[in-house]
């Protein structure tokens, strides 16, 4: 097997292992945000009377307290996603460092400041402006605001109907369960984008990398941008080959699991 083919194999393995790791990151983020539900349950219990219901006269005061819950969701969400991004950068660059060293040799990673790259990946991801003109904190705040609106609706309607706190609490849980897919989408999108950014940033610093190759995501749909970029020959180097500074290949579409590998400069083969 040629050096190019072996490096391709190893870097693909790193990306497939990252997909598994990202699944764990999704569960982590869901669990972290899900902890806040217990605080809402405690709050409902504090407002309940001896009959297990909450008086309508206390409704407005209770709903105002959801403001602190929304802030907690924002803070917890940002902390969780920042951890996801930082862990992704480290995971990715550990795999790249080993792959380049094994296949090409020490020259491949000479001068590559992986620790600095990991920090730069987090900085880029936090400040990245998406096609929706939002940065990461905007997306988390929108999620928190939407969740608060849904919680307000189920709590208000439950109190007005005279539902027990147990019934309202069950409906609060449904809100969290129904929101899990939104958290998954955030973690898939931001995590895989961080994975590609880390791959591209390391390529920029390695003297042996000539270009990066785009591989479509597991959805394998012709209308997805990752598939289109995989087939495009933009620079005459061959289909799917790009400069590691091409930011378009960092975030190709929402929920994208596409990944990047390296094309080695022929003089190092």
Please enumerate the residues belonging to segment 152-169 that are under 30 Å from residue 139 (Cα atoms) and surrounded by 14 or more Cβ atoms within 10 Å (Cβ to Cβ). 152, 154, 155, 156, 158, 168, 169
When every residue in segment 38-55 that is assigned to a helix (DSSP H, G or I) and within 16 Å of residue 153 (Cβ to Cβ) is compared, the one farthest from the chain's Cα centre (by Cα) is 44
Residues to consider are 203, 180; find the one that is part of a helix (DSSP H, G or I) and closer than 17 Å to residue 88 by Cβ. 203
Per-region count, segment 123-154, residues in a helix (DSSP H, G or I) and without any contact (Cβ under 8 Å) to a residue 40 or more places away in the chain: 9
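Among the candidates 39, 67, 6, single out the residue that is surrounded by fewer than 16 Cβ atoms within 10 Å (Cβ to Cβ) and in contact with a helix residue (DSSP H, G or I) (Cβ under 6 Å, 6 or more places away or on another chain). Steps first, answer last, please.
Working: 39 fails: in contact with a helix residue (DSSP H, G or I) (Cβ under 6 Å, 6 or more places away or on another chain); 67 fails: in contact with a helix residue (DSSP H, G or I) (Cβ under 6 Å, 6 or more places away or on another chain).
Sole residue among the options that is surrounded by fewer than 16 Cβ atoms within 10 Å (Cβ to Cβ) and in contact with a helix residue (DSSP H, G or I) (Cβ under 6 Å, 6 or more places away or on another chain): 6.
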Within segment 215-230, residues being assigned to a loop (DSSP other than H, G, I, E, B) and buried (at least 16 other Cβ atoms within 10 Å of the Cβ) number 3
Restricting segment 7-16 to residues that are touching a residue at least 24 places away in the same chain (Cβ under 8 Å) and closer than 15 Å to residue 193 by Cα, the residue that is farthest from the chain's Cα centre (by Cα): 14
Determine, yes or no, whether residue 96 is part of a helix (DSSP H, G or I), in contact with a helix residue (DSSP H, G or I) (Cβ under 6 Å, 6 or more places away or on another chain) and within 27 Å of residue 161 (Cβ to Cβ). no
Name the single residue that is farthest from residue 256 (Cα to Cα) among those in segment 233-242 being surrounded by 12 or more Cβ atoms within 10 Å (Cβ to Cβ) and more than 26 Å from the chain's Cα centre (by Cα). 237
Residue that is under 29 Å from residue 77 (Cβ atoms), touching a helix residue (DSSP H, G or I) at 6+ places or on another chain (Cβ under 9 Å) and not in a loop (DSSP other than H, G, I, E, B), where the choices are 187, 212: 187
Where the second residue is assigned to a helix (DSSP H, G or I) and at pLDDT below 95 and the first is surrounded by fewer than 20 Cβ atoms within 10 Å (Cβ to Cβ) and lies in segment 100-113, which pairs have Cβ atoms under 9 Å and are six or more apart or on separate chains? 101/108; 105/268; 107/268
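The values are calculated or read from the model by the stated rules, or taken from the named source; none is laboratory data. What you are looking at is a predicted structure, and each value in this text was computed from that prediction instead of being measured. Counting neighbours? That spans all protein chains shown, and the Cβs are built from the backbone with ideal geometry, glycine included.
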